[in-house]
1. Using Cβ contacts closer than 10 Å as the measure, can you line up Val144, Val116 from fewest to most?
2. Using a Förster radius of 35 Å, what is the FRET efficiency between Glu99 and Tyr178 based on their Cβ-Cβ separation? Nearest 0.05, please.
3. Per DSSP helix of 4 or more residues, -39500 (n - 2.57); summed, then divided by the residues of the chain. What does that give at 222 nm, rounded to the nearest 500?
4. What's the exposure ranking of Ile287, Ile169, going from fewest to most Cβ atoms within 10 Å?
5. If each of Asp199 and Ala218 carries a label point 7 Å out from its Cα toward its Cβ, how far apart are those two points in nm?
6. Report, largest value first, the span of the C-alpha coordinates of the range 124-234 along each principal axis, in whole Å.
7. Bin width 5 Å, alpha-carbon pairs only: give the P(r) of the chain as whole percents, running from 0 to the bin holding the largest distance.
8. Over the chain, what is the relative contact order in whole percent, taking alpha-carbon pairs under 8 Å and six or more residues apart?
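Read the figures in this text as sums done on the coordinates, not as results from a lab. Predicted, not measured: the structure shown is a model, and the values here were computed from it. Don't worry about glycine lacking a Cβ; one is built from the backbone with ideal geometry, like all the others, and counts go over all protein chains shown.
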Amino acid sequence: MGALAALAVPLASACSPGFDESPDPLGPLLRAAETDAAGAKALGAEGEAVATARTAHAAALKTEVDRLNRPKPDQPGPAATPPPSSLDGLKERLAAAREQAEGLVPTLPRYRAGMVASVAAGCAALQQSSEKLGRGDEAGAVEVPAGVQLGGEAAEAVQQALAAEHAAIWVYGLVSAYLPAAFGGAVSRGTAEHVKRRDVCERMLSAAGQTPTGPEAAYVPPRPVTEANSAMELVATAESDASAAWLGVVDRTDDAALRTTALNALIGSARRGTAWRAEFGAKPVAIAMPGQSV
């Protein structure tokens, strides 16, 4: 009997479900995306862009939630939130979802933080895509995080972000020759933001004893720039590249402050990229998961 009793504990352990049965922090974000997608679909053409993007968010989140959590079909779920029934309702829901996702990014494991950061940036891009969705707030400050320990793969990710910033500064300089004078303010603001980010990257790397990557003498656009539309498309591409680089920083650090800096940079590029995509008529205007490889 003593031997059998001694075996009881490891036997019980061996029969554990193997799933994390605690509430998943991504659960509320998933349910919000599903609800928003359903409400946006019901609005028809007016909600089409939001429905498409929020459906993509829900799919990405569900894959991750299902991966770590056993389905519980016999357990009652939380009370369902009614889907938004108007564009004003969608505007409020997008703002709430973005805030919720931004709040989660500093605390999640790496493999989840990047995905949630992309969802937050996708909500910000949707806000920027239409006055009816409120345009949303600007991203937070991109600044040198206090006390950050930059080394290894995090340092390499910041080097890649720096390279993307050098390229973006060059692109804004190039396109100024092809854009009407009315775009001068947008070009100046975009250039200033990327210069600031470049400086932040260089300061972080220098403080860590790393040599910051310098700019190339010139860059080769994916397509020739010949007039205003191709110039706008190139700027949008540069912002997309910056989004991917900063998402790479989120993916490769556990430092909460550095993640916040990278998230703010990602959201800023997602919003600017959306504004430029709207100018040359890109479809969709807002990229659902900015920074993610297509």
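1. So the ranking, lowest neighbour count to highest, is Val144, Val116.
2. The value I calculate is 0.40.
3. Taken over the chain, the calculation gives -21500 deg cm²/dmol.
4. By the 10 Å Cβ count, ascending: Ile169, Ile287.
5. Each label point lies 7 Å from its Cα, and together they span 2.9 nm.
6. Result for the range 124-234: principal-axis Cα extents of 43, 37, 20 Å.
7. 1, 5, 11, 15, 15, 14, 12, 9, 6, 4, 3, 2, 1, 1, 0, 0, 0, 0
8. Reported as a whole number, the value is 23 percent.
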